[in-house]
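Colleague: Dumping the structure here so I can ask a few things about it.
The values are calculated or read from the model by the stated rules, or taken from the named source; none is laboratory data. All figures in this text were calculated on a predicted structure; none of them were measured in a lab. So basically every Cβ, Gly included, is an ideal-geometry build from the backbone, and we count neighbours across all protein chains shown. Protein only, heavy atoms only, side chains kept; ligands, DNA and RNA dropped before computing areas. Shrake-Rupley method; radii C 1.70, N 1.55, O 1.52, S 1.80 Å.
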Amino acid sequence: MPNGNLTSMQKKAANPQVRPDASKYAHKDIRKQLMSMSHNKCFYCEGILLDRPKEVDHYVEVAVDHSKAFDWNNLYLACLNCNDKVPHNTIPVSAALNPILDSDADIKTHISFDKEIIFPISGSLKGKQTITKFRLDTDLLNAQRRDWIIKIDGIIIDILKKMVAEGRQSFSDEEVSAINRFMDSASPFSLMSEVYIKRKLHGLLP
Ligand SMILES: [Zn+2]
């Protein structure tokens with residue numbers, strides 16, 4: 001295929017020492033496309049990236065597989081915390097969950113949350129390695145997730161107050177969608193939010 005990829009790969013093959021040009025990935029169209037794919041979130045921690053520094057990350061490190069240096073499918077957008085992932089020789093990506101290729105249902109069998117604190121389910125090794133590899137348990141992330149829970153609590157409390165004031169026993173459709181929005185994959189920290197909301201409102205949501 002006479003495309004830019006092949007040219008770059010040929011260049012690379014001629015000189016295997018050449019590292020991919022980082023500026024190539026800073027191109028705004030690539031970032032824009034990745035931002036829209038990820039709903040403006042970090043692929044790994046689900047933190048909002050809109051006004052935060054971000055990097056185009058090679059999911060499989062170039063040092064491990066040179067052929068993936070220019071592979072579009074190997075480019076993920078990451079916050080600075082997650083871009084600093086644990087090296088492949090310590091924990092290979094194959095030992096961790098993949099935020100794109102693994103289904104939400106799959107991911108939910110390996111990792112969960114107690115409020116903002118992430119943990120591997122039943123000591124899942126894959127869950128544990130995912131948390132370690134992508135540093136999903138840093139103080140910074142815990143603080144961001146804690147802030148998000150405060151936001152969820154605020155919305156739920158407002159809704160419950162309104163229900164009491166109006167003598168209602170159940171949520172209006174509008175209230176249900178306001179709550180469901182936190183669990184949508186387009187929302188930040190959607191997995192944590194889902195676990196938190198379902199635990200908090202057990203059985204109350206339709
Ligand atoms: Zn992140």
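Colleague: Assign one of three labels to the stretch 140-200, namely rounded, prolate or oblate, based on the Cα gyration tensor with a ≥ b ≥ c the square roots of its eigenvalues; rounded applies when a/c is under 1.5, prolate when it is not and a/b is larger than b/c, and oblate otherwise. Could the numbers behind the result be given before it?
Modeller: On the way: a/c = 2.77, a/b = 1.84, b/c = 1.51.
It is prolate, given that a/c is not under 1.5 and a/b is the larger ratio.
Colleague: Once a ≥ b ≥ c are taken as the square roots of the eigenvalues of the Cα gyration tensor of the stretch 86-137, is the result rounded (a/c under 1.5), prolate (a/b larger than b/c) or oblate (a/b not larger than b/c)?
Modeller: oblate
Colleague: Could I ask something else about it? Pairs Lys41/Lys151; Lys32/Lys115; Lys41/Lys162; Lys32/Lys198: which are spaced more than 24 Å apart, C-alpha to C-alpha?
Modeller: Exceeds cut-off: Lys32/Lys115; Lys41/Lys162; Lys32/Lys198.
Colleague: Could you list, bin by bin from short to long, the percent of Cα-Cα pairs of the stretch 52-167 in 10 Å steps?
Modeller: With a bin width of 10 Å, the distribution comes to 12, 35, 30, 13, 7, 2, 0.
Colleague: Given a 1.4 Å probe, how much area per residue of the stretch 27-129 is accessible, in Å²?
Modeller: Value returned for the stretch 27-129: 52 Å² of accessible area per residue.
Colleague: At what distance in angstrom do the alpha carbon centres of the stretch 54-94 and the stretch 160-206 lie from each other?
Modeller: Between the Cα centre of the stretch 54-94 and that of the stretch 160-206, the gap is 35 Å.
Colleague: May I pose another question? Put +1 on the Cβ of every Lys and Arg and -1 on every Asp and Glu Cβ in the chain; which of Gln144, Ser94, Ser187 then has its Cα farthest towards the positive end of the dipole?
Modeller: Ser94
Colleague: Next up: Where in the chain are the helices, taken as whole DSSP H runs, whose Cα atoms extend 27 angstrom or more along the long axis and whose Kyte-Doolittle mean reaches at least -1.0?
Modeller: Within the chain the helices that satisfy the rule are 139-165.
Colleague: Another question, then. Modelled label-to-label distance, Lys68 and Glu174, 7 Å Cα→beta-carbon offset: nm?
Modeller: 4.8
Colleague: Hey, what's the Kirkwood Rh for the chain if you take every pair of different alpha carbons, in angstrom?
Modeller: Evaluated over the chain, this radius sits at 19.0 Å.
Colleague: Dipole magnitude of the stretch 106-206 about its Cα centre, charges +1 at Lys/Arg Cβ and -1 at Asp/Glu Cβ only, in debye to the nearest 20?
Modeller: 340
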